[in-house]
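Asks: After the structure tokens below, expect a handful of questions from me.
The values are calculated or read from the model by the stated rules, or taken from the named source; none is laboratory data. Computed from a prediction, not measured in an experiment: that's the story for all the values here. Please note: Cβ atoms are built from the backbone with ideal geometry, for glycine as well, and neighbour counts cover all protein chains shown.
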Amino acid sequence: MRTVLITGATAGIGRAIAERFAREGHKLIITGRRAERLNELAQKLQADYKVDILPLHFDVRSKEEAQKAVGSLEGNWKQVDILINNAGLAVGLDPIQEGNIDDWERMIDTNIKGLLYISRAIAPQMVERKSGHIINVGSTAGRETYPKGNVYCATKHAVDSLSKAMRIDMLPYGIKVTQVRPGMVETEFSLVRFKGDEQKASDAYKGFKALEAEDVAEVTYYCTTLPEHVNVNDIEVTATAQANSFFKNV
Ligand code: NDP
Ligand code: 8X3
């Protein structure tokens with residue numbers, strides 16, 4: 001039984017990952033901004049799987065909140081064996097000359113700085129114990145840049161770069177670093193990207209069978225089941241109907 005901290009567990013991929021690990025009997029620290037959803041999920045997982053769940057609601061964009069949340073961990077909760085940096089978002093889909101600067105900042109602050117704040121707070125105890133696994137949720141958008149995806153794609157390229165950098169820095173301590181890169185997954189992602197426009201959000205998945213959050217959770221869980229000497233450095237997973245960021249069988 002291990003302790004797993006999952007950021008962005010109130011919806012989509014993070015929520016599915018939380019359920020996948022709870023099913024296996026692991027202790028979970030689940031995080032997100034929406035306290036009510038987080039508490040409901042904690043109660044559900046506790047009831048369904050009889051596991052210990054600690055909900056911590058905070059905004060990963062705030063260095064102070066992130067440090068305070070991790071600093072509040074007590075006793076056994078301090079030892080995080082697996083950190084899953086999943087919280088993230090795309091906001092807007094505009095050419096660079098029309099981009100909304102606030103949208104850009106939300107993406108950069110969440111997808112890059114948030115991931116860094118949490119990793120900086122959790123990694124030292126892994127280093128001290130010479131044990132641990134950090135999983136960063138990247139994207140196919142971290143490999144390919146698609147039209148109007150500019151800043152979102154740049155943040156996911158940063159996740160790619162940081163995953164490689166962390167793997168080098170963690171090497172002397174035997175800490176695994178994995179990047180999981182999903183293609184299109186039908187979650188609240190597009191609803192957030194299109195600022196609540198349900199039509200635009202559902203159109204994004206029209207005409208093909210996208211991944212479900214549970215598919216990504218399964219792949220993520222798999223990466224944590226391998227022997228001590230084996231690490232999945234980087235894994236890209238798309239729907240069968242999606243070849244890459246540009247080609248879909250619609
Ligand atoms: P969802 O919108 O369904 O879930 C996003 C999660 O991130 C929520 O739990 C949300 O919680 C959390 N989150 C967002 N901003 C913050 C913040 N500032 N502080 C704390 N938590 C935050 O999207 P997905 O599940 O699809 O996305 C999860 C990850 O997967 C993201 O990193 C995304 O980039 C990546 N991804 C998604 C793909 C897709 O097609 N869906 C494909 C490839 C990668 P709350 O709002 O409660 O704070
Ligand atoms: C999310 C997948 O293709 O919308 O990372 O960028 S995509």
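Asks: State all residues of region 124-152 that are surrounded by 21 or more Cβ atoms within 10 Å (Cβ to Cβ) and within 11 Å of ligand 2 (Cβ to nearest atom); if no residue qualifies, say none.
Replies: Within region 124-152, Val137, Gly138, Ser139, Thr140, Ala141, Gly142, Tyr152 meet the criteria.
Table: residues versus (1) more than 19 Å from the chain's Cα centre (by Cα); (2) under 28 Å from Leu162 (Cα atoms); (3) surrounded by fewer than 18 Cβ atoms within 10 Å (Cβ to Cβ).
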| residue | (1), (2), (3) |
| --- | --- |
| Leu5 | no, yes, no |
| Ile13 | no, yes, no |
| Phe21 | no, yes, no |
| Ala35 | no, no, yes |
| Lys50 | yes, no, yes |
| Leu56 | no, yes, no |
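Results for (1) within 12 Å of ligand 1 (Cβ to nearest atom); (2) without any contact (Cβ under 8 Å) to a residue 60 or more places away in the chain; (3) small (Gly, Ala, Ser), shown as yes or no for each residue.
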| site | (1), (2), (3) |
| --- | --- |
| Ala165 | no, yes, yes |
| Met170 | no, yes, no |
| Thr178 | no, yes, no |
| Pro182 | yes, no, no |
| Val192 | yes, no, no |
| Ala201 | yes, yes, yes |
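Asks: Looking only at region 179-191, decide whether some residue is in a helix (DSSP H, G or I), of a type outside the set (Lys, Arg), at pLDDT 95 or above and more than 16 Å from the chain's Cα centre (by Cα).
Replies: Yes, region 179-191 has at least one match.
Residues are listed down the side, and each one gets a yes or a no for (1) modelled with pLDDT of 95 or more; (2) on the phi > 0 side of the Ramachandran plot; (3) charged (D, E, K, R); (4) in a helix (DSSP H, G or I):
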| position | (1), (2), (3), (4) |
| --- | --- |
| Glu105 | yes, no, yes, yes |
| Ile108 | yes, no, no, yes |
| Leu115 | yes, no, no, yes |
| Pro124 | yes, no, no, yes |
| Ile135 | yes, no, no, no |
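Asks: Given (1) free of Cβ contacts under 8 Å to residues at least 12 places away in the same chain; (2) in contact with a helix residue (DSSP H, G or I) (Cβ under 8 Å, 6 or more places away or on another chain), where does Lys68 come up short, assuming only one miss?
Replies: Condition (2) is where Lys68 drops out.
Asks: Here is a further query. For the structure I just gave you, tell me whether Leu89 is closer than 23 Å to Ser161 by Cα and in contact (Cβ under 8 Å) with a residue 60 or more places away in the chain.
Replies: So Leu89 passes the test.
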